[in-house]
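Taking it in order: structure first as structure tokens, then the write-up.
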Amino acid sequence: MLRNQAVGPDPDTESARIAAVRRYEILDTPPDASFDRVARLAARLFEVPIAAVTFVDSDRIWFKARHGLDDMTEISRADGLCGLALLEDGPLVIPDTLHHPLSASNPMVTGGIGIRFYAAAPIVTADGHKLGTVTIFDTRPRELGPEDVTALKDLAAIVLDEMELRLTALRALRREQERRQAVVRQVEDERAARLRAEKDRRVLESLTSTLQRTLLPPALPAVPGLELACHYHAASVHDLGGDFYDVFPLDGERWAFLLGDVCGKGPDAATVTALARHTLRAAAHHAPDPVAVLDTLNQALLEDALTSKFCTAIFGVLTPREEGGFTVELGTGGHPPAYHVGRGPGGEPRVRAVGLEGGMLIGALPEARFRSRTVVLSPGEVLLLYTDGLIEARAGEDRRMIGDEGLAAFLARRRGTGGATGLVDDIVDLLDSLPEGAEDDVALLALSVPTAEDAERQMPGVTSTAHTTTLPTDATDEEH
């Protein structure tokens with residue numbers, strides 16, 4: 001139940017809250033993939049069209065991340081609903097905004113957006129200051145159960161953790177800048193310091209590159225009747241990435257494949273990557289059901305005392321079909337949808353997103369639930385898996401993210417499927433054509449079934465083609 005909020009916030013409390021918002025230096029900062037990911041996850045998790053991560057300033061509500069509100073970056077505090085949420089002791093849930101006195105006349109309710117449902121969990125600091133909210137909207141009335149409210153609060157806690165990490169990094173960067181300025185003032189030591197720094201950089205880049213390669217399979221296996229292609233691009237030679245993929249045999253004629261993305265970078269992300277690959281392999285050999293495999297990984301990440309990171313992943317099982325091709329059972333945990341690419345009856349491109357709504361982040365929540373779906377991969381068709389560095393790459397003069405729609409449109413524009421290798425080559429060319437390339441790590445894994453004509457052109461015994469994976473050398477159907 002809402003409190004009486006006619007008096008507004010206490011002036012002293014509000015002044016301290018605004019100071020806390022300023023302390024995190026978050027307002028008017030550029031888009032950030034970590035916060036964008038939370039907004040997208042909230043929209044998928046609660047099956048709503050609009051979700052946002054907001055921060056409340058003295059006179060405005062500023063959107064750090066948004067899903068479904070592409071043209072809105074901020075709104076006045078008087079016209080928004082998030083300011084009301086900060087006055088509550090906990091999450092604010094309004095099942096029907098038209099029938100509640102605090103929201104019935106709000107412009108977001110009566111205007112073009114037409115908000116009919118509103119729920120927000122405050123982002124609360126350790127010393128009790130409410131900085132903003134993780135908010136979900138719908139254009140129809142609905143209810144939110146206790147478990148959903150808890151999940152919304154958990155997302156707000158994840159945002160706060162990311163902000164604390166960001167603030168720590170900013171402070172560390174400033175300390176490093178001050179230290180370097182002091183070194184520069186000591187002219188007699190400048191040359192020696194520069195040489196030591198250069199040596200350390202080369203050693204770090206070499207170690208990072210070597211370790212990154214150990215986290216990926218050295219080569220894709222040869223799978224009878226299947227063409228495989230992969231690509232890996234690390235955005236930085238200084239940081240270990242958390243993207244990974246693998247393909248390996250199971251019992252009999254079945255094969256397993258996977259692709260995932262660990263939150264963050266650096267040694268912690270590398271630790272989670274190694275744990276995830278090992279756990280997925282072991283769980284698949286024990287019980288190759290995608291949902292059960294992802295459940296096992298979720299439990300392993302939660303129980304690992306050395307890390308608090310989570311990941312997204314797609315895990316699949318390939319079973320050959322007598323009439324050709326494969327039955328593919330896919331399971332997902334919070335990962336972008338795969339794409340099933342083929343040709344229609346008239347030869348026109350056919351691109352279908354293999355979405356699995358409801359699959360939650362892996363390693364974030366004990367009660368996480370995962371979904372599976374079965375598709376058929378027929379001759380001439382390709383199944384594409386990718387990490388979100390691909391759809392978060394920015395193109396055009398306005399530097400808009402490619403996004404799910406942009407990727408689907410790109411796949412539909414291709415003149416020929418070209419199998420797994422041709423598809424991966426085309427995506428690599430797309431990324432290379434961007435002025436700034438991919439700003440985040442990108443992992444690609446494509447699987448295709450050659451047609452009879454393709455098989456005749458292949459050399460005898462050749463059943464699989466692996467695309468060469470690369471690392472940078474410098475700093476630049478049916479659901480279950």
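Can we say THR312 is assigned to a strand (DSSP E or B), modelled with pLDDT of 90 or more and assigned by TED's automatic domain parsing to the domain that holds SER448? Yes, satisfied.
Scan segment 376-427 for residues that are in a helix (DSSP H, G or I) and under 23 Å from TYR245 (Cβ atoms) and the total you get is 16.
One residue stands out among those in segment 433-457 that are surrounded by fewer than 20 Cβ atoms within 10 Å (Cβ to Cβ) and closer than 16 Å to VAL382 by Cβ: the one that is modelled with the highest pLDDT, which is THR451. Per this entry, ALA119 is not counted among residues that are farther than 16 Å from LEU84 by Cβ, crowded, with 17+ Cβ neighbours inside 10 Å, assigned by TED's automatic domain parsing to the domain that holds GLY80 and of a type in the set (Gly, Ala, Ser). Evaluated against (1) surrounded by 14 or more Cβ atoms within 10 Å (Cβ to Cβ); (2) under 29 Å from ASP404 (Cβ atoms), ASP96 falls short on exactly one condition, (2). Checking the stated criteria, GLY241 turns out not to satisfy the condition of being modelled with pLDDT of 60 or more, over 17 Å from VAL442 (Cα atoms) and in the same structural domain as GLY324 (by TED's automatic domain parsing).
When the strands (runs of 3 or more DSSP E) confined to segment 10-76 are screened for residues that are modelled with pLDDT under 95 and surrounded by fewer than 20 Cβ atoms within 10 Å (Cβ to Cβ), those reaching at least 1 such residues are found at 60-67, 74-76. Within segment 125-151, being β-branched (Val, Ile, Thr), surrounded by fewer than 19 Cβ atoms within 10 Å (Cβ to Cβ) and within 25 Å of PRO11 (Cβ to Cβ) holds for one residue alone: THR125. Looking across segment 276-293 at every residue that is touching a helix residue (DSSP H, G or I) at 6+ places or on another chain (Cβ under 8 Å) and under 17 Å from GLY242 (Cβ atoms), the one that is surrounded by the fewest Cβ atoms within 10 Å (Cβ to Cβ) is identified as THR279. Of the residues making up segment 355-380, just one is under 17 Å from LEU407 (Cβ atoms) and crowded, with 20+ Cβ neighbours inside 10 Å, namely LEU356. Residue pairs whose Cβ atoms lie under 6 Å apart, separated by 6 or more positions or on different chains, with the first residue in segment 267-283 and in the same structural domain as ASP243 (by TED's automatic domain parsing) and the second of a type in the set (D, E, K, R), are ASP268/LYS309; VAL272/LYS309; ARG277/ASP246.
Give the residues of segment 320-340 that are in contact with a strand residue (DSSP E or B) (Cβ under 7 Å, 6 or more places away or on another chain), surrounded by fewer than 22 Cβ atoms within 10 Å (Cβ to Cβ) and farther than 30 Å from PHE310 by Cα, sorted by residue number. Matches in segment 320-340: PRO320, ARG321, GLY324, GLY325. If we scan segment 337-350, do we find a residue that is under 19 Å from the mean Cα position of the chain (by Cα) and at positive phi? Looking for residues that are under 19 Å from the mean Cα position of the chain (by Cα) and at positive phi, one finds none in segment 337-350, hence no. Kindly check whether there is at least one residue in segment 120-142 that is touching a strand residue (DSSP E or B) at 6+ places or on another chain (Cβ under 6 Å), under 30 Å from GLU392 (Cβ atoms), part of a loop (DSSP other than H, G, I, E, B) and not aliphatic (A, V, I, L, M). Yes, because at least one residue in segment 120-142 is touching a strand residue (DSSP E or B) at 6+ places or on another chain (Cβ under 6 Å), under 30 Å from GLU392 (Cβ atoms), part of a loop (DSSP other than H, G, I, E, B) and not aliphatic (A, V, I, L, M).
The values are calculated or read from the model by the stated rules, or taken from the named source; none is laboratory data. These figures come from a predicted structure and were not determined experimentally. Glycine also receives a Cβ, built like all others from the backbone with ideal geometry; neighbour counts cover every protein chain displayed.
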